Amino acid sequence: MARRIEDYALIGNTHTAALVGRDGAVDWLCLPRFDSEACFAALLGAAENGRWRIAPDGEVKAVRRRYLPGTLVLETEFETAGGTVALIDFMPPQMDRDEDRADLVRIVEGRRGRVDLSMDLVLRFGYGAVVPWVRRCDDGLSAIAGPDAVALRTPVPLRGEDFHTRAAFTVAAGERTPFTLIWHRSHLPAAPAEDPDALLAETEAWWRAWSGRCRTAGPWREAVERSLITLKGLTYGPTGGIAAAATTSLPEKIGGERNWDYRFCWLRDSAFTLYALLTAGYREEAEAWRHWLVRAVAGMPAQLQIMYGLAGERRLDEWEVPWLAGFEGSRPVRIGNGAHGQCQLDVYGEVLDTLHIARRNGLARDDDSWRVQRALLKHLETVWHAADHGLWEVRGPARQFTHSKVMAWVAFDRAVQAVEQSGVEGPVERWRELARRIHAEVCEKGFDAKRNSFVQYYGAKHTDAALLLIPQVGFLPPEDPRVVGTIEAVERELSVDGGLLQRYPTEPEVDGLPPGEGCFLACAFWLVDAKVMLGRHEEARELFERLLELRNDVGLLAEEYDPVARRQLGNVPQAFSHVALVNSAHNLARIAGPARKRAQAPGGHEAQRSGD
């Protein structure tokens, strides 16, 4: 049976993450960081590109999976004719551990009868290309290739066969058989093994202490908590940067070429992420994300990028991996992301809005942060009118994207509010005048009166799901007829299967790629938020609960969903999808949720009342 993206669950250690399939195979793992080269790359190729499978021999009658409550510890239960076993997978969090070491622990626990199992370990460094030198040792094996070394510790006898490491063993009810894979740098001594059961207890306690801080209540607490745990699992602990996903090149269309590397941090996610963390009570994580943002964007304003590495790295050169066949033949497999060099004007608004949110929510004042913001604003004054590649990183020609101009307005509007409300200094009258000019231009050139809708770019004849954010950022109030018309146009033109939304019409002349992709899940959550702001609470609730049903069996969402094939698409788990889920749940559950709080930007409303 072909693998599906939703067949995978995430485990991680706040430095990196692995994907574990329903068949007991770890098919994706990069060490020691999310963006390091993979040592298990079967997700994008075949078993020979690296994987680690532990599963019963013979027929499996049923597979049941769950995360242990409040944790990122995965339990996969296999039921066979002879008995039932559970495979418990986890990675001990790195927060207080040696950064030159990473552990992946797998414990097979017998629960009924006796079950014969097999283990197959295929280590391939360099994204599946490099076969390591493997040596046996008393309690397992060691494998070395270049800078990387891995040790496997287990009481089970191992054998080498055709560049695989294999084992056969039996587990009876009440028995536990552990396997620990330990990565370390090859020039350092092998790390000593630690007791797997003690590591499991420590890992469970760490995650439960973290998830116990969640202050979300209401009917969707379980879904919100699981999404927040997923976001923590995508966070690079040393810097606070949050990876957009744990994977690269999972396709937005099966067999297509819309396959991108998402193991980096996008500025476009920043304001949404900050609200998700703050509203749920994770102030420390919000502070860390704010600090990551300021460090990443510091420097020459003209060199601002749309995305950065986990520690703020700027060089994210894109290249293709010819030896990997791609997920279900979806090629090319890409490493790095060429969009990091694009001009996207919306990121200025995202950065200024994020730091404005931080001020309004009482995060520690940072004078360096305001100096960075003033430098960004000075540069934006000279470039806001330029064409760009927009929120969706189109690889077609640069255009005057309406959403980009709205976010340029956000940048100046938040600067005005900062001076008026927070006591910082700046040329407030000049910024106010720029905000007014941009607002008027967008309302003139980005709005199609015949269609009664804002359009994707000046002169376009189609809309864009990003325009659902117009009321949320405070550009116009939700009851404005132009906003209502835009929301209706998005639903009419981009809706597929009742509320799931395409981002925009994917035509080659717009984004420079062959047409076709799934429905972008974050956009559907934005539609939930728009309906809440319009007072259509029942419609919003129905759509939200439908979106929850698209999660896989352990509560994870990818980037997109195919409503025809009824399967997830794109990189997984997708931080943007889970952030949107958290914010929509809070918008539905609160009178003043994140959407209305973010919309408290009187500059836009004043401009609208004065006739722009």
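Structure above, values below:
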quantity	calculated
Given (1) within 24 Å of the chain's Cα centre (by Cα); (2) under 28 Å from I335 (Cα atoms), number of the condition A223 does not satisfy	(2)
Those residues of the range 530-561 which are charged (D, E, K, R) and either crowded, with 23+ Cβ neighbours inside 10 Å or in contact (Cβ under 8 Å) with a residue 60 or more places away in the chain (or both), in sequence order	K531, R551, D553, E559, E560
Any hit, the range 173-185, residues being touching a helix residue (DSSP H, G or I) at 6+ places or on another chain (Cβ under 9 Å), within 22 Å of A38 (Cβ to Cβ) and crowded, with 19+ Cβ neighbours inside 10 Å	yes
Near pairs, Cβ below 8 angstrom, 6+ apart or cross-chain, from the range 471-494 (aromatic (F, W, Y)) to any residue that is buried (at least 18 other Cβ atoms within 10 Å of the Cβ) and modelled with pLDDT under 95	F475/A601; F475/G604
Subset tally (residues that are aliphatic (A, V, I, L, M), part of a loop (DSSP other than H, G, I, E, B) and within 15 Å of S584 (Cβ to Cβ)) for the range 533-571	3
The one condition in (1) among the aliphatic types (A, V, I, L, M); (2) part of a loop (DSSP other than H, G, I, E, B); (3) under 23 Å from V105 (Cα atoms); (4) touching a Phe, Trp or Tyr at 6+ places or on another chain (Cβ under 9 Å) that L188 fails to fulfil	(4)
Neighbours by Cβ (under 7 Å, 6+ apart or cross-chain): first from the range 42-64, not assigned by TED's automatic domain parsing to the domain that holds A167; second surrounded by 22 or more Cβ atoms within 10 Å (Cβ to Cβ) and not in a helix (DSSP H, G or I)	none
Any hit, the range 513-529, residues being surrounded by fewer than 17 Cβ atoms within 10 Å (Cβ to Cβ) and on the phi > 0 side of the Ramachandran plot	yes
Answer residue from the range 389-421, given it is modelled with pLDDT under 95 and among the acidic types (D, E) and is nearest to H439 (Cα to Cα) among those	E420
In the range 385-430, residue nearest to D464 (Cα to Cα) [restricted to those that are among the β-branched types (V, I, T) and out of contact with any Gly (no Cβ under 7 Å at 6 or more places or on another chain)]	V406
Positions within the range 495-509 being touching a residue at least 40 places away in the same chain (Cβ under 8 Å) and surrounded by 18 or more Cβ atoms within 10 Å (Cβ to Cβ), in sequence order	G499, L500, R503, Y504
Evaluation of A466 against (1) surrounded by 23 or more Cβ atoms within 10 Å (Cβ to Cβ); (2) part of a loop (DSSP other than H, G, I, E, B); (3) hydrophobic (A, V, I, L, M, F, W, C) (one fails), failing number	(2)
Conditions (1) surrounded by fewer than 17 Cβ atoms within 10 Å (Cβ to Cβ); (2) polar (S, T, N, Q); (3) at pLDDT below 95: number failed by T382	(3)
E37 vs. criteria more than 29 Å from L316 (Cα to Cα) and assigned by TED's automatic domain parsing to the domain that holds V171	no
Any hit, the range 340-347, residues being touching a Leu at 6+ places or on another chain (Cβ under 6 Å), under 21 Å from P594 (Cβ atoms) and not β-branched (V, I, T)	yes
The range 343-359 residues that are over 17 Å from I306 (Cβ atoms), paired with ones that are modelled with pLDDT of 95 or more (beta carbon under 6 Å, 6 or more apart)	H356/R414
All positions within the range 307-346 that are touching an Asp or Glu at 6+ places or on another chain (Cβ under 7 Å), surrounded by 22 or more Cβ atoms within 10 Å (Cβ to Cβ) and β-branched (V, I, T)	V333
Residues located in the range 285-328, provided they are farther than 18 Å from R263 by Cβ and modelled with pLDDT of 95 or more	P322, W323, A325, E328
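Listed here are the residues, each with its yes/no results for (1) buried (at least 24 other Cβ atoms within 10 Å of the Cβ); (2) not in a helix (DSSP H, G or I).
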site: K253; (1), (2): no, yes
site: G256; (1), (2): no, yes
site: R263; (1), (2): yes, yes
site: A271; (1), (2): yes, no
site: L274; (1), (2): yes, no
site: E284; (1), (2): no, no
site: A288; (1), (2): no, no
site: W292; (1), (2): no, no
site: R295; (1), (2): no, no
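The values are calculated or read from the model by the stated rules, or taken from the named source; none is laboratory data. As the structure is a computational prediction, the values presented were derived from the model and not from experiment. A quick note on method: Cβ atoms are made from the backbone with ideal geometry, for glycine too, and the neighbour counts reach across all protein chains shown.
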